[in-house]
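First up is the structure itself, then whatever we jot down about it.
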Amino acid sequence: MFRAGIVGGAGYTAGELLRILLPHPHVEIAAVVSSSHAGAPVAQVHDDLLGDTDLVFVSALSGTEDVVFLCLGHGNSRAFLEKNPLPAATRVIDLSNDFRLHADAEFAGHEFIYGLPELNKTRIQQARRIANPGCFATAIQLALLPLAAAGALTDDIHVSAITGSTGAGQGLSETVHFSWRSNNVSIYKPFTHQHLGEIGESLAQLQPQSAAEIHFIPYRGNFARGIFASVYTPSDMTQDEARELYKQFYSEAPFTTVSDKEIHLKQVVNTNKCLLHVQKQGKQLLITSVIDNLVKGASGQAVQNMNLLFGLSETTGLMSKASFF
């Protein structure tokens, strides 16, 4: 057993972490930190956990944690660590974007390793600090990594991807209100989304000389959870060659599966899966990718990284099944 702390404990990603970690066979939760809810029962905020835990929010970590998850808003993780230095032996998994890019990865004598297991599994196993990938970034990278590894990203890449309302976090804004989101769809941050930086660095890790540009249109969807990404780029490969490339690349990735049938969101919601479908239309290779933005796109991937850090099977505690009906 090892002890886990969660900082920023009242948000969506923290709630998802609690749902995964409470039944995890190797984890005891040492502290759930929330500056706004200290002293309140955790189940009062995450009321789906009513009857599952007697944990109470606290104002600070206990100091006995083996691993700390930072579920803070972008820009706040670095500030937290500056004010609250953690022992060198404590593993840290940050779910913000503070340490994902190479330029930001060094902090206080530690390097944050980019935590996409399908790309950096060996480095994650040897690390003590992990920068958990973004949700859109996870879905899009998993759609493109096999092509980059084969040196096959030779032309521009076009991406359309839609995410559920939980992708915006728990804070209130106009576009997360039910009356706005219901029966509605819209784009935001076209061609400028913050996840493009980490996607580009990962692809360059596998195909350094590629000059392919990514043209990304993100959409807000009228559902709560999930990301559906459509990615296409010209390719000389046949459909069969491309599918075999993807299946070989992910042959040892327990959560990423290449489907011969078209895929949809209900297959992955509430799971740590990424499903991919590859098809050829004319000169275009089309890859569709689906994940749950809160699980494989955030907290589930964080636990997958934790498992790797502690030498566990990466699937431990993560074998939940989709709520299909």
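In this structure, the amide hydrogen of Val33, modeled 1.01 Å from its nitrogen in the peptide plane, lies closer than 5 angstrom to those of Ile6, Val7, Gly8, Gly9, Val58, counting only residues at least 5 positions away or on a different chain. Put simply, the amide H of Phe2, placed in the peptide plane, has neighbours under 5 Å in Val27, Glu28, leaving out anything fewer than 5 places away on its chain.
Here is how the number arises for the chain: DSSP H runs of 4 or more residues each give -39500 (n - 2.57), the sum is divided by the residue count, and the result at 222 nm is -7000 deg cm²/dmol. DSSP bridge analysis restricted to the chain gives an antiparallel fraction near 45%, rounded to the nearest 5. Among 253-262, 4-13, 27-36, sorting by the average number of other beta carbon atoms lying within 10 angstrom of each residue, highest first, gives 4-13, 27-36, 253-262.
Computed on the chain, with alpha-carbon pairs under 8 angstrom and 6+ residues apart, the relative contact order is 18 percent. Considering only Leu55, Leu206, Ala31, the residue lying farthest towards the positive end of the dipole of the chain is Leu55, judged by Cα position with unit charges set on Cβ.
Since every read-out is calculated from the coordinates, none of them should be taken as a lab result. Small disclaimer: the values here were computed from a predicted structure and weren't measured. Cβ atoms come from the backbone with ideal geometry, glycine included; neighbour counts cover every protein chain shown.
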